[in-house]
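Reviewing the structure listed below.
The values are calculated or read from the model by the stated rules, or taken from the named source; none is laboratory data. The structure displayed is predicted, hence computed values, not measured ones. Cβ placement follows ideal geometry from the backbone for every residue including glycine, while neighbour counts extend to all protein chains displayed.
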Amino acid sequence: MEAFVYHLPPLKSNHNPILVELVRNGVPNRQKCPFRFLASWISHEDFDHFMRQNLQKKESWNVQISSFKKELQIWNKKIFGHIFTKKKKLLKQLYQISNSLTS
């Protein structure tokens, strides 16, 4: 098992939090993360329409969920915006600002 330590930018104080990531195989596998439903999707004005359009009652539940998951991942990137990429960019900007203020 290996550990990766990330120094994060300060968010609400002058202390820098750290993130420790434990990995079993030595390299984090970003490709096989489990699907997670984001509560923030519900707040998007088009989400209700998206759900009605992509959940059809003609198919079995398993087929619907599998198809819905794929469509939701596409919708997340195209319509909602890939919030994880945005978050990563914002954290990088905060880190750079923090470094410039302490230099």
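Quick grid of which residues meet (1) of a type in the set (D, E, K, R); (2) under 18 Å from the mean Cα position of the chain (by Cα):
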{"site": "N54", "(1), (2)": "no, no"}
{"site": "E71", "(1), (2)": "yes, yes"}
{"site": "N76", "(1), (2)": "no, yes"}
{"site": "I97", "(1), (2)": "no, no"}
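Conditions (1) in contact (Cβ under 8 Å) with a residue 60 or more places away in the chain; (2) touching a helix residue (DSSP H, G or I) at 6+ places or on another chain (Cβ under 8 Å), marked per residue:
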| position | (1), (2) |
| --- | --- |
| L22 | no, no |
| K70 | no, no |
| W75 | no, yes |
| K87 | no, no |
| S98 | yes, no |
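Hey, could you check the range 3-56 for residues that are polar (S, T, N, Q) and at pLDDT below 85 and say which is surrounded by the fewest Cβ atoms within 10 Å (Cβ to Cβ)? Working first, answer last.
At the first step, the residues of the range 3-56 found to be polar (S, T, N, Q) are 13-14, 16, 25, 29, 31, 40, 43, 53-54, 56.
Right, trim to at pLDDT below 85 and you get 13-14, 16, 25, 29, 31, 40, 56.
Working: S13: 7, N14: 8, N16: 13, N25: 8, N29: 9, Q31: 5, S40: 10, Q56: 11.
The qualifying residue surrounded by the fewest Cβ atoms within 10 Å (Cβ to Cβ) is Q31.
Considering only residues that are within 10 Å of the chain's Cα centre (by Cα) and among the basic types (K, R), look in the range 78-95 and name the one that is modelled with the lowest pLDDT. Spell out how you get there, then give the answer.
From the range 78-95, those within 10 Å of the chain's Cα centre (by Cα) are 82-88; that's our starting set.
Cutting the leftovers down to among the basic types (K, R) gives us 86-88.
Numbers: K86: 81, K87: 84, K88: 87.
Among residues in the range 78-95 that are within 10 Å of the chain's Cα centre (by Cα) and among the basic types (K, R), the one modelled with the lowest pLDDT is K86.
State yes or no: is E59 among the acidic types (D, E) and either exposed (fewer than 11 other Cβ atoms within 10 Å of the Cβ) or more than 20 Å from the chain's Cα centre (by Cα) (or both)? Step through it out loud before you land on a result.
Values: among the acidic types (D, E): yes; either exposed (fewer than 11 other Cβ atoms within 10 Å of the Cβ) or more than 20 Å from the chain's Cα centre (by Cα) (or both): yes.
Criteria met by E59.
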